[in-house]
Amino acid sequence: MPLILIVDDSPTELYQMQKVLQQQGYETVVANDGADAILKAREMQPDLILMDIVMPGVDGFRATRQLAADPATRSIPVIMVSSKGEETDRIWGMRQGAVDYLVKPFSPSQLLEKAQAALAG
C-alpha cells in the first residue's frame, strides 16, 4: 500500500486526514512542521505528501520548494492542503513544486480523489 506523509501543525487536521486515508487502506505517517517533513521525506520516501502551508518554523511553501529541489525527494508528489484559498496561493504553491492544491475544509471524497490522482501520476 502507498505511504502518505501528512504534514500539518493541527492535531485535529492530522487525525481527520489519517482516518480517511487509513480507512481506504493507505499507510500514513505524520509531521508537525516543514522541517520534520523534509527529514521524514528523505528518510521514508513516501509515495505522496499532503502539505499544510501555515506552520511554525519552515512553512509549507518553503518545505515544498526544498523537496522539489532535492534529487532524493523531487519525484515525490506534493499536494498543498491549506485554508489559504486564494488563487494566488494556489499558483504560488504550484510554482514551489506542488502537483495539486486542496482547500480546507474539504470532504473525505475530495481528499481521496486528489490523493488517488497524484499517486496515479
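Taking the Cβ-Cβ separation of R62 and V103 as r and a Förster radius of 25 Å, what is the calculated FRET efficiency to the nearest 0.05? Spell out each step's value before the answer.
Details: r = 20 Å, r/R0 = 0.79.
In this case the efficiency is close to 0.80.
Under 5 Å between amide hydrogens, which residues at least 5 positions from V81 or on another chain qualify, with H placed 1.01 Å from N in the peptide plane?
M51, D52, I53, L102
Alpha carbon centre of the stretch 1-62 versus the stretch 65-121: separation in Å?
11 Å
Quote the charge dipole size of the chain about the Cα centre in Debye, to the nearest 20; the model charges only the Cβ of Lys and Arg (+1) and of Asp and Glu (-1).
My answer is approximately 200 debye.
Kindly rank 15-21, 32-38 from highest to lowest mean number of other beta carbons found within 10 Å of each residue. Before the final figure, lay out each step's value.
On the way: 15-21: 18.1, 32-38: 20.9.
Result, highest mean first: 32-38, 15-21.
Answer with one residue from V99, A117, T73: the one whose Cα lies farthest towards the positive end of the charge dipole of the stretch 54-121, charges on Cβ with Lys, Arg +1 and Asp, Glu -1.
My answer, from the dipole projection, is T73.
Just so you know, all these numbers are worked out from the coordinates, no wet-lab data involved. Because the structure is predicted, anything quoted here is derived from the model rather than measured. Neighbour counts are summed over all protein chains in view; Cβ atoms, including those assigned to glycine, are modelled from backbone coordinates with ideal geometry.
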